[in-house]
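A.B. asks: Input: one structure, supplied below.
The values are calculated or read from the model by the stated rules, or taken from the named source; none is laboratory data. As the structure is a prediction and not an experimental result, all values here were calculated from the model. In this analysis, Cβ positions are derived from the backbone assuming ideal geometry, glycine residues included, and neighbour counts consider all displayed protein chains. Note: accessible area is taken over every heavy atom of the protein model, side chains too, but ligands, DNA and RNA are not part of it. Shrake-Rupley method; radii C 1.70, N 1.55, O 1.52, S 1.80 Å.
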Amino acid sequence: MIGPRLLRLLLPLPVAAVLTSCAVSVDESQVPSDAPSLPTTLEVPGPTNLQTDAAEGAVAAKDKSFGVAAPEGWADDTGKQPSTVLFLRSPDQAGKIYPSFSVVRTSLKEPPPLGELVEQGMIAQRQKGATVTRLADRTIGGVPAAGYRMTRTTEEIPVTQTQYYLVQNGSVFITTMTSASSNAGPTGGVQNGILNSWSWGAPPAPSSTPGSTSPTSSDATSSDAASSDSDKDGEDGDSTSSSTSSDSPAPSATPSTSTD
């Protein structure tokens, strides 16, 4: 089982840590004296089409800001990871690691442009010894997102993590998919399924278990007749109770929502 120390190493850095960990010492003689040119306009995200319709059985984030559909059988361990607003974990190990999907959220008064956040995150991970590759931009819940894939060896285990950044309503969300490098291919498909199901706002509470369907008038009549005949013959009419129990729905494989 993955150890506590390894789990801490694999959790994504908070945005503040990403922004501050990029500072490096340099030789001042090598720094150009000319002031760098600054852009005349700020990066503004293009129009978005926010996804607000939650997938059936979606798991809510701890702060109720979004929800996703958890892979079948995965556990919602958000309550065990206080640094995240969402933490989903596979029930099975692959390459000595339980694949997991996590999200951290940081609120900033003036979030940096999305491209700058990703570049700073890549620099921070390279400084920690990871091999980092930029990924194609995409959308998550209708919001522009950008990210990278990084690979490093932790406690002699090759680990691959894929992180996507997105900015929404003054908050920076960082999603992280973690798995053994040997299992990165299948896990990538799982990650896409989660990200494609992303919706904003708290998903609706699961509907209550539906009761048994009321019998039609003809069924009721025949049932009453059978009951009457049974009474006359002095026999127990237990066929109705056995039918009801066999129609009970099976428990859902989707993990229950954490209510922190």
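A.B. asks: Take residue 108 and decide whether it is without any contact (Cβ under 8 Å) to a residue 60 or more places away in the chain and surrounded by fewer than 20 Cβ atoms within 10 Å (Cβ to Cβ).
C.D. replies: Considered against the rule, which asks whether it is without any contact (Cβ under 8 Å) to a residue 60 or more places away in the chain and surrounded by fewer than 20 Cβ atoms within 10 Å (Cβ to Cβ), residue 108 comes out as no.
A.B. asks: Just the residues that are open to solvent by 30 Å² or more (accessible area, probe 1.4 Å) and more than 12 Å from residue 181 (Cβ to Cβ), please, taken from the stretch 84-100.
C.D. replies: 89, 91, 92, 93, 98
A.B. asks: Another one. Residues 79, 129: which one is without any contact (Cβ under 8 Å) to a residue 60 or more places away in the chain and open to solvent by 30 Å² or more (accessible area, probe 1.4 Å)?
C.D. replies: Answer to the selection: 129.
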